[in-house]
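Here is the structure we will look at, set down as structure tokens.
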Amino acid sequence: MFSLFKYWKNITKPTHYNVVSLPGESFEFELKALELETEGEYMNLHMYEKLQKVHEKHDSFVKKNPLLNQAGVFYKNESLPPLSAFAYAPTFAWADLCGTPSPKNVELFNNSMAAKSVLVITFANRFRRPAGLDAAVQAFGAVKYMKHKLSSMTFLFAEEYKCKTKGTPMVMMAFTNSKTLVGVVKRGSPVKSPRVTKSNPNQLKLFRKVVSLINKGFSNERIMAKLKLRKMELAGYKAARTRELRGNGRNMKKS
Ligand SMILES: C[S@@+](CC[C@H](N)C(=O)[O-])C[C@H]1O[C@@H](n2cnc3c(N)ncnc32)[C@H](O)[C@@H]1O
């Protein structure tokens, strides 16, 4: 997520911007985003947590951390509002809901984000109570449904993965209304991905191993340790996997 955020910043060069997120138990992305803020930039960070016990647990950490405890940073014990609330400035929103694409959840997102914004949504990819869902979501699946709902934005990619703790299948999808960012992401992944071809069988084997471990829900750290990969190498394989999932898997073709 942080790679996409860095790309977004480098390409769209926002000066006054919002970052919207659900940090849950980890403030890693949020802290990195704050560290990247430079002189002359004005970033508002809006973090939401709907569960009181989770908010209470992390509120003192937020208050004690000098990066998080500053003007323009908000950690609220509230539900994520509709993203149109941030339409006054370019926004990078990571709605890491990991919940079902229920009517209440899908209604949070529409086309009314400010120009040069990015929206990343994660939904559970398997639903226990499909009867509670919109018929169109059931019929088409969360990604197709959101592509249709966000028709004024450009779909960047979707990636399936498993939730670290519970192993629940999830899908992360990214959209933007920045034409320049679309161009860069479509030309090639932000991360230089390996050439995984028939003429390079070792890399193809390694790629399949990486995909298998991701699908089993292994963390990045465990995959790197198990396959003796460096961070950037793993990022390259993950980018190649994303392209394969997008149906654009020229790099992975066996022939
Ligand atoms: C999957 S976790 C976030 C993980 C985090 N982004 C990370 O990188 O580890 C989602 C968190 O958001 C909270 N949450 C889920 N839906 C929400 C909503 N609609 N509004 C506010 N908080 C929500 C959950 O209680 C949970 O703590």
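The values are calculated or read from the model by the stated rules, or taken from the named source; none is laboratory data. Predicted, not measured: the structure shown is a model, and the values here were computed from it. Cβ coordinates were reconstructed from backbone atoms using ideal geometry, including for glycine residues, and neighbour counts include every protein chain displayed.
Residue-by-condition table, conditions (1) assigned by TED's automatic domain parsing to the domain that holds VAL143; (2) at pLDDT 85 or above; (3) not in a loop (DSSP other than H, G, I, E, B):
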| site | (1), (2), (3) |
| --- | --- |
| VAL210 | no, yes, yes |
| GLY217 | no, yes, no |
| MET232 | no, no, yes |
| ALA235 | no, no, yes |
| ALA239 | no, no, yes |
| ASN248 | no, no, no |
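From the list LEU34, LEU67, the lone residue that is within 16 Å of the ligand (Cβ to nearest atom) and of a type outside the set (Phe, Trp, Tyr) is LEU34. Is it the case, given these coordinates, that GLU39 is in the same structural domain as MET173 (by TED's automatic domain parsing), of a type in the set (D, E, K, R) and in contact (Cβ under 8 Å) with a residue 12 or more places away in the chain? Judged against the criteria, GLU39 is not a match.
When LEU133, LEU51 are checked against the criterion of being within 14 Å of the ligand (Cβ to nearest atom), of a type in the set (A, V, I, L, M, F, W, C) and out of contact with any strand residue (DSSP E or B) (no Cβ under 9 Å at 6 or more places or on another chain), a single residue qualifies: LEU51.
Against the list (1) more than 20 Å from ASN10 (Cα to Cα); (2) part of a helix (DSSP H, G or I), the condition HIS46 fails is (2). A single entry from SER112, SER84, SER60 fulfils the requirement of being part of a loop (DSSP other than H, G, I, E, B) and either surrounded by fewer than 20 Cβ atoms within 10 Å (Cβ to Cβ) or out of contact with any Cys (no Cβ under 9 Å at 6 or more places or on another chain) (or both): SER112.
Please indicate, with yes or no, whether at least one residue in the stretch 115-122 is within 23 Å of THR242 (Cβ to Cβ) and assigned to a helix (DSSP H, G or I).
no
Pairs meeting the criteria (first residue in the stretch 100-123 and within 15 Å of the ligand (Cβ to nearest atom), second residue charged (D, E, K, R), beta carbons under 7 Å, at least 6 apart or on different chains) are PRO103/ASP134; VAL106/ASP134; VAL106/LYS149; PHE109/LYS149; THR122/ASP96. Going residue by residue through the stretch 21-37, is there one that turns out to be in contact with a helix residue (DSSP H, G or I) (Cβ under 6 Å, 6 or more places away or on another chain), part of a loop (DSSP other than H, G, I, E, B) and within 22 Å of GLU159 (Cα to Cα)? So far as the stretch 21-37 goes, yes, one or more of its residues are in contact with a helix residue (DSSP H, G or I) (Cβ under 6 Å, 6 or more places away or on another chain), part of a loop (DSSP other than H, G, I, E, B) and within 22 Å of GLU159 (Cα to Cα). Of the residues making up the stretch 10-31, those that are free of Cβ contacts under 8 Å to residues at least 60 places away in the same chain and within 10 Å of the ligand (Cβ to nearest atom) number 6.
Is it the case, given these coordinates, that VAL73 is touching a strand residue (DSSP E or B) at 6+ places or on another chain (Cβ under 7 Å), more than 14 Å from the ligand (Cβ to nearest atom) and modelled with pLDDT of 95 or more? The answer is yes for VAL73.
Just one residue in the set ALA89, ALA93, ALA71, ALA115 is closer than 14 Å to SER21 by Cβ and of a type in the set (Gly, Ala, Ser); that residue is ALA93. Conditions first: (1) away from the ligand (no atom under 14 Å from the Cβ); (2) in contact (Cβ under 8 Å) with a residue 24 or more places away in the chain; (3) crowded, with 16+ Cβ neighbours inside 10 Å. LYS6 passes all but one, so which condition is the exception? Failing condition for LYS6: (3). When LEU83, LEU97, LEU67 are screened for being closer than 25 Å to GLN52 by Cβ and over 16 Å from the mean Cα position of the chain (by Cα), only LEU67 passes.
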